[in-house]
Amino acid sequence: QEAGDYVVTVQLGGAAAAQTQVWTESSRGLLAPVTTTAGQMVTYAFAVDVRSMEGQPDHAGGPGGYPGLDLFFTGPTATPPAITGIGYALATAATQPIHLFMASDSTACDQTGGAFGGWGQMLPEFFNAPIEVANYANSGASSADFYGSSEKWGAITAHWKAGDYVIVQFGHNDKTATDAQVETNLEKYVTAALAANVTPILVSPPARVQFGTGTVDGSQSSLHAVSAMGAAAAKNVAFIDLTALSTAWYNTLGSQAAALKFHANDSDATHTNLVGAVKLASLVANAIKSQNLPLAKYLRAEALTQ
């Protein structure tokens, strides 16, 4: 099979009780665990971005994966996954999905191996078809170098169409840049998107886990949340303050050790594991709902409780 946009349906359930989670490509979440009772059948539809280079678009040692569409089904031993039907086809002009592109860094990218998980990797769990998350986030990317890369921003602009969306989140790798420089960089993405009739959403980076006595009290200023906020205000586009939202969530956990349970190897202060990635994705999805952004109508309601 070839790369491209795939329209996928799965029918889950069977004779016995089951719990089924659906994944695609390189550990990309499509559907949170679904519990079915004995004899129950449920059907879900997805739009899936399939690229020849799975995972990050420009990453040495990244997975080549398998040609074409990959689907994986997991579940617990006691109630193993049950799949009674799978349908898939390359999208046609009539079934073309609405793309939600991701322009970001390692905190959002499609990670591999299971220890790390980017929140953009788990974002598809929160959307119904025809939304298709096309994650071009790449480790080490900054607001400056991503824009100039043909494999990253260039690939997004080569594939987008009027009516699509793009989430832009940078800051972790802009350590030597000023807030003003990052704001100028972010405005370039917004200008390009608006010119193409693509809707941009600026997102500030997830906070680093830097606990003092029960709260995250280390400075997050190097993440340039003020730059994303400023660029959004200057261009009159949507802004989601994931820095503040993630800080508030970490503070409910109460300690460095508790927060790091949601991070890679229980020790990486910056990068989440897959469970943490789902939580960050849920913060973004719920912000899309609470702000009543145009994307909100495509959200999978049951996923927002994650």
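Bear in mind these aren't lab numbers, they're just calculated from the coordinates by the rules spelled out. Remember, it's a predicted structure, so these values are computed and weren't measured experimentally. Neighbour counts run over all protein chains shown; Cβ positions are idealised from the backbone, glycine included.
Relative to the compact-globule estimate of 2.2 N^0.38 Å, the Cα radius of gyration of region 183-294 comes out at 1.15.
Placing +1 on the Cβ of every Lys and Arg and -1 on the Cβ of every Asp and Glu, with nothing else charged, gives region 190-306 a dipole about its Cα centre of roughly 300 debye.
Only helical runs count toward this figure. For the chain, summing -39,500 (n - 2.57) over DSSP H runs of n ≥ 4 and dividing by all residues gives -7000 deg cm²/dmol at 222 nm.
Apply the a/c threshold of 1.5 to the C-alpha gyration tensor of region 1-42 and tell me whether it is rounded, prolate or oblate. Prolate, since a/c reaches 1.5 and a/b exceeds b/c.
Number of Lys pairs in the chain with C-alpha atoms less than 28 angstrom apart, excluding same-chain neighbours closer than eight positions? Going through the chain pair by pair, I get 25. In order along region 71-78, the phi-based Karplus estimate (6.51 cos²θ - 1.76 cosθ + 1.60, θ = phi - 60°) of 3J(HN,Hα) comes to 10, 10, 10, 10, x, x, 4, 5 Hz; Gly and Pro are listed as x.
Oblate is the label for region 60-124, because a/c, from the alpha-carbon gyration tensor with a ≥ b ≥ c as root eigenvalues, is 1.5 or above and a/b does not exceed b/c. Here the Kirkwood formula puts the hydrodynamic radius of region 152-248 at 14.0 Å, using every distinct Cα pair.
Let me know the shape class of region 71-229, please: from the alpha-carbon gyration tensor, a ≥ b ≥ c as square roots of the eigenvalues, rounded when a/c is under 1.5, otherwise prolate if a/b is greater than b/c, or oblate.
oblate
Remark on A207: its backbone amide H falls under 5 Å from those of S246, T247, a criterion applied only to residues 5 or more positions apart or on other chains, H modelled at 1.01 Å from N. Working from Cα pairs under 8 Å separated by at least six residues, relative contact order for the chain is 17 percent. So what's the net charge close to Y6: Lys and Arg +1, Asp and Glu -1, counting the other residues with Cβ under 9 Å from its Cβ? Within the 9 Å Cβ shell, the charges total -3. Dividing the alpha-carbon radius of gyration of region 113-189 by the rule-of-thumb value 2.2 N^0.38 Å gives 1.20.
Taken over the C-alpha atoms, the chain has Rg and Dmax values of 18.8, 60 angstrom.
Remark: region 210-226, residue by residue, has Karplus-estimated 3J(HN,Hα) of 9, 7, x, 9, x, 9, 6, 10, x, 5, 10, 5, 5, 7, 6, 4, 5 Hz, where x stands for each Gly or Pro and the curve is 6.51 cos²θ - 1.76 cosθ + 1.60 at θ = phi - 60°. Derived scalar couplings between HN and Hα for region 274-280 equal 5, 5, x, 5, 4, 5, 4 Hz in order, rounded to whole Hz, by the Karplus curve 6.51 cos²θ - 1.76 cosθ + 1.60 (θ = phi - 60°), x for Gly and Pro. Annotation: amide H-H contacts under 5 Å for I83 (H modelled 1.01 Å from N, sequence separation of 5 or more, or interchain): G13. Relative to its Kirkwood radius, the Cα radius of gyration of region 5-80 gives an Rg/Rh of 1.05. For region 258-302, the fraction of C-alpha pairs farther apart than 15 angstrom is 49 percent. Each peptide in 260-268, 69-77 receives the mean, over its residues, of other Cβ atoms within 10 Å, and ordering these scores from highest gives 260-268, 69-77.
The charge dipole of the chain, taken about its Cα centre with unit charges on the Cβ atoms of Lys, Arg (+1), Asp and Glu (-1) only, comes to about 520 debye. Distance between the 7 Å Cα→Cβ label points at K297 and S222: 4.3 nm.
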